[in-house]
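Each value in this text was obtained by applying a stated rule to the coordinates, not by laboratory testing. Predicted model only: the values in this text are computed from it and were never measured. We place every Cβ from the backbone using ideal geometry, glycine too, and count neighbours over all the protein chains shown.
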Amino acid sequence: MNNYLIFKYLTLLLKEYIFIFLISLILVSIPLNKSFGEENVFTINSVKVKGPININFSRDKYINRAFIKSFDILMEKILLSSDLKNVQNRKLKDVKKLINSFQIKEESYRKGEYTSEIKIFFNENKVKDYLREKNISFSLSENINAIFYPVLFIDNEIQSFEENFFYKQWTEVKIKNEFINFILPIEDLDDLFKITKMKDNIEDLDIDNFVKKYDVRNYTFVLMDYSSPKLKIYLKTNFNKNKISKNISYELKKINDTQALNNILVDLKLKITDLWKEENSINLLMPLRINIKFEHINLSNLDEVKNVFYKIGMIDSFKLEEFDVKNSFFTIFYYGNPKKLNSELSTFGYNLNNKKGSWELYKNE
């Protein structure tokens, strides 16, 4: 009996040593910085360039043009509209330093014209360093659905949705890199009546009651009040339970000026998109550090969580500090706040909890 117990003990001990040895191999293989091989927001999938084939033709010239174009696309995706002016004076040599590699997906020389479609992989860390030097924050915004609820008053008379330019044209007019899939509401006369009654006390209006019927948690409520020559707008957004209100005013001499209305619509759409970007803003000057305990069952659990860390853009780097048979202890360097980090982890099926000052990470069952 004693020999059996000793054998069982030695077997368990051997398994533990083997596990620790294998974990050590993983520890050695985990880099301090994230890999750049995976596609993310820093990969620009489809940049198209074209031009005539003549005596001065140079293939490299068009590839360089694609580099500049891809940089502009990337900046428009991750920067607020107000910060784009700070990266306008970009030079080709500086852009090239930010690129890891590129892939020509399609290329043709037909009828005297060169065309190509190029995929460009930017180096995430180098882009962050570039923006850090310019003291610019950036945003890693995901695509979301949101109700767009526009209410238009003209000379104190509310307009039906059929008469409302912003309702009719909102989804028709496009801006670059739209992250928000706007859903238009169905006209409800009772709702419009309630809004009319609350027009002068609009901040007290319970907008959630109007949008909850659509089963979408995010919304943009826009109350527009036109009296020549001003279009005054009260804007309220709810993105991921973060509510923001602001007032905007536009010069508008005639309410039937389609071009002026179109310009206002585009600007308003950009402002709303910027609010969503600000919600996902990352301040590169203030990196944070968090120590996390992760309970694992086997080696594949560790490999899975490592891959998740790679995929989360706000995580700059991570280290596996300690481990035992049941738990792993990571140090994660990230930009943002723990709430946002938890939200990012939850999209991959993980839950980050703060238990009496200690952070613990669990895989949701």
Out of Leu320, Leu92, Leu140, a Gaussian network model of the chain with alpha-carbon springs under 10 Å gives the largest mean-square fluctuation to Leu92
With a 30 Å threshold on alpha-carbon distance, the violating pairs from Lys77/Lys246; Lys77/Lys199; Lys119/Lys269; Lys212/Lys293 are Lys77/Lys199; Lys212/Lys293
In degrees rounded to 10, the 0-90 angle between helix 124-133 Cα long axis and the longest Cα principal axis of the chain is 60
Per residue, the convex hull enclosing the alpha carbons of the stretch 49-156 has a volume in Å³ of 207
Per-residue ellipticity at 222 nm attributable to helices in the chain (runs of n ≥ 4 DSSP H, -39500 (n - 2.57) apiece, nearest 500 deg cm²/dmol) works out to -11000 deg cm²/dmol
Relative to the chain, whose Cα atoms define the longest principal axis, helix 2-29 and its Cα axis are tilted in degrees, nearest 10, by 40
The alpha-carbon center of the stretch 241-274 and that of the stretch 319-365 are separated, in whole Å, by 40
In nanometres, the difference between 0.36 nm per residue of separation and the alpha-carbon distance of Glu278 and Lys93 is 63.6 nm
Here the relative contact order (percent) of the chain, from C-alpha pairs under 8 Å and at least 6 apart, is 16
The residues Leu84, Leu352, sorted from fewest to most surrounding Cβ atoms within 10 Å, come out as Leu84, Leu352
Any residue on another chain or 5+ positions along whose placed amide H is under 5 Å from the amide H of Leu140 is listed here as Ile282
Rounded to two decimals, the Debye log10 I(q)/I(0) of the stretch 212-365 (Cα scatterers, no solvent) at q = 0.09 Å⁻¹ is -0.47
Under the 7 Å Cα-to-Cβ spin-label approximation, Asn40 and Asp155 lie apart by a distance in nanometres of 5.6
Nearest-0.05 FRET efficiency for Lys61 and Leu189 at R0 = 56 Å, using Cβ-Cβ distance, is 0.40
Simple SL model, points at 7 angstrom along Cα→Cβ for Ile53 and Asp215; separation in nm is 5.4
The relative contact order of the stretch 144-279, taking Cα pairs under 8 Å that sit 6 or more residues apart, comes to a percentage of 27
Violations at 24 Å Cα threshold for listed pairs Lys96/Lys277; Lys85/Lys277; Lys213/Lys277 -> Lys96/Lys277; Lys213/Lys277
Taking Cα atoms, the helix 258-279 axis meets the longest principal axis of the chain at an angle in degrees (rounded to 10) of 20
Expected vector for the stretch 206-215, Karplus 3J(HN,Hα) from phi with 6.51, -1.76, 1.60 and θ = phi - 60°, integer Hz, x for Gly and Pro, equals 7, 5, 4, 5, 7, 9, 5, 5, 9, 6
For the table Lys271/Lys339; Lys230/Lys254; Lys69/Lys91, the rows whose alpha-carbon distance is greater than 20 Å are Lys271/Lys339
Scoring the stretch 43-138 by relative contact order with C-alpha pairs under 8 Å, at least six apart, yields a percentage of 40
Exposure proxy check on Glu113, Glu124: fewest-to-most Cβ neighbours within 10 Å is Glu113, Glu124
Expected sort for Thr273, Thr220 with the fewest Cβ neighbours (10 Å cutoff) up front is Thr273, Thr220
